[in-house]
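**Q** Just passing along the structure, written as structure tokens.
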Amino acid sequence: MSPWLQAAKLGRRGGIEPFDLAIGKGEIVGLAGLLGSGRTETARLLFGADRADEGRLFIEGRETRLDSPRKAIRRGIAFCPENRKTEGIIEELTVRENNILALQARRGWFRALSRKRQEEIAGEYIRALGIRPPDPDQLVRNLSGGNQQKVLLARWLLTEPKLLILDEPTRGIDVGAKAEIQKLVHSLSEKGMGVLFISSELEEVIRVSNRVSVLRDRRHVQTLADDDIRQTAIMQAIAGG
Amino acid sequence: MLALNLVLKPEFFAIRYQNGHLAGSLIDILNFGAPLAIVAVGMTLVIATRGIDLSVGSVVAISGAMACLTISRGADQQSVGLVLSAVALALLLSAALGLWNGLLVAAAGIQPIIATLILMVAGRGIAQLITSGQIITLNSKPYGFIGAGWLLALPFSMYLAAAVFLFAVLVTRKTSLGLFIESIGSNPAAGRLAGIGAGTIVPAVYMFCAFCAGIAGLIISSNVSSADGNNAGLWIELDAILAVVIGGTSLAGGRFSLSGTLVGALLIQTLTTTIYMLGVPPEITLVVKAFVVLAVCLIQSPAFRRSLAHGFRPGTAASRQEVTRHG
């Protein structure tokens, strides 16, 4: 079974050394490593947020060049960035507007979602993800971190992606919301969505992922699968032993 | 706040009917405020993308110069066809200049204030080149209609302003363009990651702004039936930016209000006309204007309003803002 996404020696000078990575349908691949080890750089390359200097990328077997987030979104990739405040949510806008933003961007200038449709969609996800307060016209800046993350998640789920990249999705979030998000990731993969899961919490990465790629000093050093995914093994790989 | 200002000048409310149209100070405000309103509408969208366009004054001059040159070179200055082609040429040139600005900002990544400063400075020179350093005067009734004509007893320029305003409102609110503009202005990085194509939207917005300046340029030059490369639209960029700010749109970009801008433009025009009617010496005019604008901005500032409510304690406003931001 060929993977949905295959990166072959994909790299960016100063960002991440050339790496191979495969993500299949319904697979949850975790990236583990210390801060600055190149996890976010990897994610950004796969989303077209940064341009690769070398290597090739294949999606559904076809070679692609992802020059921009717009292209990646069109191919079915979604990205929840690490800095949700500065790169994710738009604080000045409402929950509803933040929710429908990526979907609307894909639809373009003229196929505008009607206000009614926007409220329907936003309402659906507010309920599904348990966003509090459940008011679609609330400004996102007034929500707690956990709820802001849910709004961001809703934005991307709305685009029905084939691959969802999550960079530190549970950082700075209360325990309850954390568990909800992890459960959500599992149910998404069961429905066939591929997930790239990045987290600084080893425990979380281990619990969530089918396969883990370990990074050290901007290089992918080892990949562990299934039963081999153990805390000790990962920590050894990170340390370089 | 803004309505109060109008009420304070009761002598304005006299409207007469003369020469087949309405006349009076209120009508003057609508007539002479139209170019400012049009430029301000275009400026609103640029500012909403976290940009600025300092070149609108120069585009006003260039547009008027281009139109007048074309008509003056024509065989029959009364020909409507000639006037229409002159108008089209001027507007096309304006849009092209806007595209120039937009590409400098979006493709070359130059800061908007610098990018548009280039055209602001060079533009006056370009206008002079077009007019060969002279003031071109015209004797063209069709052209004169744009700035000095009347339709249904009201100034034609007012209808132009209304049309531009309505067009802007329709395009930004009935399509998703308004949402995109507010997004990329409020948080450009997030907008990009959400898949918004700023590379198309930003040039489009600068093109529209210059196009508006072009229309204003036609009105202004038509009003005096001549083109003055040096003085046409002088300082209009400042008035336009003020109109936008008074109207509630933030210079930092994001949420914008076209109707707010319209009110702002009317306010500034009312101010200008009032000062003129009161016979204030021209030297003082700008100072008085600046003072009133300062007052309006202070009233709008939440920090200032808080200081008034809690008594003046310097540093309180700033520290209070700190607390609410990190809370």
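Where a number appears in this text, it was derived from the coordinates with a stated rule and is not lab data. Bear in mind the structure is a predicted one, so any value in this text is a computation, not a measurement. We place every Cβ from the backbone using ideal geometry, glycine too, and count neighbours over all the protein chains shown.
**Q** Could you identify which residue out of A:103, A:35, A:153 has the top mean-square fluctuation in a GNM of chain A using Cα springs shorter than 10 Å?
**A** Judging by the Gaussian network model, the answer is A:35.
**Q** Using a 10 angstrom cutoff on alpha carbons, build the Gaussian network for chain B and name the most mobile of B:230, B:139, B:101.
**A** Of B:230, B:139, B:101, the most mobile in the Gaussian network model is B:139.
**Q** If N is the number of residues in the range A:89-160, what value comes out of its Cα radius of gyration divided by 2.2 N^0.38 Å?
**A** For the range A:89-160, the normalised Cα radius of gyration is 0.99.
**Q** Here's a follow-up. Under a GNM of chain B (C-alpha, springs under 10 Å), which listed residue has the highest mean-square fluctuation: B:75, B:127, B:148?
**A** Its mean-square fluctuation being the largest, the pick is B:75.
**Q** Follow-up. Counting Lys and Arg as +1 and Asp and Glu as -1, what is the net charge of the other residues whose Cβ lies under 14 Å from the Cβ of residue A:216?
**A** Its environment carries a net charge of 0.
**Q** Note down the net charge around residue B:212, summing +1 for each Lys or Arg and -1 for each Asp or Glu among other residues with Cβ under 15 Å from its Cβ.
**A** Cβ neighbours under 15 Å give a net charge of -3.
**Q** Average projected area of the Cα convex hull of the range B:134-233, in nm²?
**A** That works out to 8.6 nm².
**Q** May I pose another question? Can you tell me, using C-alpha contacts under 8 Å and at least 6 residues apart, the relative contact order of the range A:89-160 as a whole percent?
**A** About 50 percent, as a whole number.
**Q** Additional query: Counting Lys and Arg as +1 and Asp and Glu as -1, each charge on the Cβ, what is the dipole of chain B about the Cα centre in debye, to the nearest 20?
**A** Here chain B has a charge dipole of around 780 debye.
**Q** Another question, then. Could you tell me which of rounded, prolate or oblate describes chain B, using a ≥ b ≥ c as the square roots of the eigenvalues of the alpha-carbon gyration tensor, with rounded for a/c under 1.5 and, failing that, prolate when a/b is larger than b/c and oblate otherwise?
**A** oblate
**Q** Given axes a ≥ b ≥ c from the Cα gyration tensor, I'd like to know whether chain A is rounded (a/c under 1.5), prolate (a/b larger than b/c) or oblate.
**A** The shape class here is prolate.
**Q** Kindly provide the Kirkwood hydrodynamic radius of the protein assembly as shown in Å, to one decimal, from all pairs of distinct alpha carbon atoms.
**A** 26.7 Å
**Q** Which whole-number percentage describes the relative contact order of the range A:158-202, with Cα contacts under 8 Å and a sequence gap of 6 or more?
**A** Relative contact order, the range A:158-202: 59 percent.
**Q** What is the magnitude of the charge dipole of the range A:89-160 about its Cα centre, with +1 placed on the Cβ of each Lys and Arg, -1 on the Cβ of each Asp and Glu, and no other charges, expressed in debye to the nearest 20?
**A** 200 debye
**Q** Further question on the same structure: Work out the length of the dipole vector of chain A about its Cα centre, built from +1 on the beta-carbon of each Lys and Arg and -1 on the beta-carbon of each Asp and Glu, and round it to the nearest 20 debye.
**A** Dipole size: approximately 780 debye.
**Q** Give the distance, in whole Å, between the Cα centre of the range A:116-147 and the Cα centre of the range B:106-148.
**A** When both Cα centres are located, 48 Å separates them.
**Q** Over all directions, the average projected area of the alpha-carbon convex hull for the range B:86-142 comes to how many nm²?
**A** Seen from a random direction, the Cα hull of the range B:86-142 projects 4.8 nm² on average.
**Q** Please report the spacing between the Cα centers of the range B:258-303 and the range B:46-95 in Å, no decimals.
**A** 28 Å
**Q** Exposed loop chymotrypsin sites (Phe, Trp or Tyr not before Pro) only (DSSP loop, at most 16 other Cβ atoms within 10 Å): please give the longest stretch of chain B free of them, not including the sites.
**A** That gives B:1-234 as the longest site-free run.
**Q** Taking a 23 Å limit on the Cα-Cα distance, which of the listed pairs A:25/A:85; A:25/A:71; A:150/A:183; A:71/A:183 fall beyond it?
**A** As for pairs spanning more than 23 Å Cα to Cα, those are A:25/A:85; A:71/A:183.
**Q** R0 = 41 Å: FRET efficiency of residue A:120 with residue A:62, Cβ-based, nearest 0.05?
**A** The calculated FRET efficiency here is 0.75.
**Q** Continuing with the same structure: What lysines does residue A:116 reach when the alpha-carbon gap must be under 18 Å and sequence neighbours fewer than 8 apart in one chain are set aside?
**A** B:174
**Q** So how tilted is helix B:80-106 from the main axis of chain B? Cα-based, degrees 0 to 90, rounded to 10.
**A** The two axes meet at around 30 degrees.
**Q** Using 0.36 nm per residue, how much length does the chain from residue B:231 to residue B:163 gain when fully extended, once their Cα-Cα distance is taken away?
**A** Result: 21.9 nm gained on full extension.
**Q** Still on this structure, I have one more. Quick check: net charge around residue B:60, other residues with Cβ under 15 Å of its Cβ, Lys/Arg +1 and Asp/Glu -1?
**A** Surrounding charge for residue B:60 is -3.
**Q** At 1.306 mPa s and 10 °C, plugging the Kirkwood radius over alpha-carbon pairs of the range B:198-268 into Stokes-Einstein gives what diffusion coefficient in µm²/s?
**A** It diffuses with D of about 117 µm²/s by this estimate.
**Q** Still on this structure: Note down the relative contact order for the range A:1-125 as a percent, whole number, built from C-alpha pairs under 8 angstrom at least six residues apart.
**A** Normalised by residue count, the contact order of the range A:1-125 is 21 percent.
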